Amino acid sequence: MSSDCIFCKIARGEIPSRKVYEDEEILAFHDIHPWAPVHFLMVPKAHIASLAHVSEVHQPLLGRMLAMAPKLALQEGCQPYPQGGHRVVINTGAHGGQEVQHLHIHVMGGPRPWLKG
Ligand code: AMP
Ligand code: ZN
């Protein structure tokens, strides 16, 4: 946990979010500035700064998050693969466009055009 991290605060319920999914390890919530009709973020509740900080101990958690993304995408209104589908993005570091330093998976979908991407 990191006391001044915005996604840790969301995971602790100190900052409100529009929740998509929650369990002991994972929280998913809608992005506050969506660039697609469906746009939510999946975060580990534990503070991991970025994908660059992930090690072998995180593999089950990351695998679970990735496997869950298509199910949550359908739940949130993305149309099924292959006509529909969704995009999964993990921005990492400054050159990767990462603005919040707590690992998060963007899941975006819905009919195009999108604002970005
Ligand atoms: P990134 O550029 O990959 O670090 O993306 C950070 C994302 O977090 C952006 O898409 C923001 O819109 C989103 N974001 C920032 N603050 C909040 C918040 N309080 N609730 C939901 N999404 C947020
Ligand atoms: Zn954090």
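Take the conditions open to solvent by 40 Å² or more (accessible area, probe 1.4 Å), of a type outside the set (D, E, K, R), in a loop (DSSP other than H, G, I, E, B) and away from ligand 2 (no atom under 13 Å from the Cβ) and apply them to residue 13. Does it pass? Steps first, answer last, please.
Values: open to solvent by 40 Å² or more (accessible area, probe 1.4 Å): yes; of a type outside the set (D, E, K, R): yes; in a loop (DSSP other than H, G, I, E, B): yes; away from ligand 2 (no atom under 13 Å from the Cβ): yes.
In short, yes.
Scanning the range 70-86 for residues that are surrounded by fewer than 17 Cβ atoms within 10 Å (Cβ to Cβ) and either small (Gly, Ala, Ser) or in contact (Cβ under 8 Å) with a residue 40 or more places away in the chain (or both) returns 75, 77, 84, 85. Here residue 52 meets each of (1) away from ligand 2 (no atom under 14 Å from the Cβ); (2) under 14 Å from the mean Cα position of the chain (by Cα); (3) among the small types (Gly, Ala, Ser); (4) under 12 Å from residue 103 (Cα atoms) with one exception, condition (2). What number of residues within the range 32-47 are more than 10 Å from the chain's Cα centre (by Cα) and surrounded by 14 or more Cβ atoms within 10 Å (Cβ to Cβ)? So the count comes out to 7.
Within the range 17-31, the set of residues being in contact with a strand residue (DSSP E or B) (Cβ under 9 Å, 6 or more places away or on another chain) and open to solvent by 50 Å² or more (accessible area, probe 1.4 Å) comprises 18, 19, 21, 22, 25.
The values are calculated or read from the model by the stated rules, or taken from the named source; none is laboratory data. Fair warning: this is a prediction, and the values are worked out from it, not measured in the lab. Backbone-built Cβ (ideal geometry, glycine too); neighbour counts: all protein chains shown. Note: accessible area is taken over every heavy atom of the protein model, side chains too, but ligands, DNA and RNA are not part of it. Shrake-Rupley method; radii C 1.70, N 1.55, O 1.52, S 1.80 Å.
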